[in-house]
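The values are calculated or read from the model by the stated rules, or taken from the named source; none is laboratory data. Everything numeric in this text was worked out from a predicted model, so none of it was measured. Here Cβ is always computed from backbone atoms with ideal geometry, including for glycine, and neighbour counts include all displayed protein chains. In case anyone asks, the SASA skips ligands and DNA or RNA and just uses the protein heavy atoms, side chains included. Shrake-Rupley method; radii C 1.70, N 1.55, O 1.52, S 1.80 Å.
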Amino acid sequence: MGFPAENTQRVRQLVSRLGLTRALRELALEAFPEIGAPFEGARKVLCVQPHPDDCEFGAGGTLADLADKGVEVVYLTMTDGSMGASDPSLDPRKLAETRRREQEEAAKVIGVTRIHWLDYPDTQLPYTPEARSRVIRAIREEKPDVVLAPDPWLMYEAHPDHRITGWLVSEAVMLSPLPLVLRDLPPHLVAAVVYYYTARPNYFHDVSGTFTRKIEALSKHRSQFEATWPVTVQQLETLAAAFGAAIGSEMAEAFRVIPHMLLHAVPLSEIV
């Protein structure tokens, strides 16, 4: 869906009444209703995570809710998680094995169908055409309606794997419909990228009925949260309650939804 052919008079009236930014936002929301309902009609979603645990931490309640509604949920994990420890005596290879097992257990709680692993070294995810091509391949093979990823433009995000995952996914979603890119696989159009870990949400998903599943799933990642579990749960409860209050529900998760058509050379992506 493209931007509507609004007549000049209406646009001028909206800008005069609302100001430029609010007027453009209203017009964009009319043109792209998926911003307010990104999962409506979806049959499959692909959640891309930098490390084992990020899909649950950033979107676990939403993914559980979608699974309960019959939406197929698939994970793509970019790195092996082998650096996620504070104990210097741990063997990174053993930790990677532990984190894979923990992720498999957590995914069962959420209702995930399958997990793909790219197994790049933790903290060393490359920002390269090769890595982007692997994400494009995953998208074209799975054919999701919506892709979730961490917001790479989160200010002060210091972990390179998080930033790079978001960039790679954004580029992969933009390029996946182009038939001359990776010509051995048919193109696939994703309706929108839904960014988790965002400070600029434009969509809130009610997770009042699945928030406890999110917490249960995260509890499976014992290597990551056992030492800080009470603080971790408190943080998540606080955010979910605040986001829920924004939409009049008990608990919610926050996302920034960017339709495919706004991923390239359209300043509206900053406004919606």
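Side notes on the structure shown:
- Taking first residues from the stretch 210-221 that are more than 17 Å from A241 (Cβ to Cβ) and aromatic (F, W, Y) and partners that are at pLDDT below 95 and open to solvent by 10 Å² or more (accessible area, probe 1.4 Å), no Cβ contact under 9 Å between residues at least 6 apart in sequence or on separate chains turns up.
Here's the yes/no breakdown for (1) touching a residue at least 60 places away in the same chain (Cβ under 8 Å); (2) over 16 Å from D53 (Cα atoms); (3) crowded, with 21+ Cβ neighbours inside 10 Å:
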{"residue": "T123", "(1), (2), (3)": "no, no, no"}
{"residue": "P129", "(1), (2), (3)": "no, yes, no"}
{"residue": "E142", "(1), (2), (3)": "yes, yes, no"}
{"residue": "L154", "(1), (2), (3)": "no, yes, no"}
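- Residue in the stretch 234-243 that is within 22 Å of L168 (Cα to Cα) and either surrounded by 14 or more Cβ atoms within 10 Å (Cβ to Cβ) or without any contact (Cβ under 8 Å) to a residue 24 or more places away in the chain (or both) present: no
- Of the criteria (1) in contact (Cβ under 8 Å) with a residue 12 or more places away in the chain; (2) small (G, A, S); (3) over 25 Å from A42 (Cα atoms), which one G111 fails: (3)
- Within the stretch 201-224, considering residues that are within 27 Å of P259 (Cβ to Cβ), out of contact with any strand residue (DSSP E or B) (no Cβ under 6 Å at 6 or more places or on another chain) and among the hydroxyl-bearing types (S, T, Y), the one most open to solvent (accessible area, probe 1.4 Å): S208
- Candidates G111, G58 - the one that is modelled with pLDDT of 95 or more, closer than 21 Å to R163 by Cα and of a type in the set (G, A, S): G58
- Candidates are the residues of the stretch 229-240 that are polar (S, T, N, Q) and more than 21 Å from E104 (Cα to Cα); the one that is farthest from the chain's Cα centre (by Cα) is Q234.
- Per-region count, the stretch 253-268, residues open to solvent by 30 Å² or more (accessible area, probe 1.4 Å) and at negative phi: 6
- Every pair of residues 6+ apart whose Cβ atoms lie under 8 Å, when the first sits in the stretch 13-42 and is farther than 20 Å from F204 by Cβ while the second is surrounded by 13 or more Cβ atoms within 10 Å (Cβ to Cβ) and among the small types (G, A, S): L14/A23; V15/A23; R17/A23
- Against the criterion of being at pLDDT below 95, more than 28 Å from D145 (Cα to Cα) and part of a helix (DSSP H, G or I), A242 does not qualify.
- Taken over the stretch 47-84, residues that are open to solvent by 50 Å² or more (accessible area, probe 1.4 Å) and either touching a residue at least 40 places away in the same chain (Cβ under 8 Å) or of a type in the set (D, E, K, R) (or both) amount to 4.
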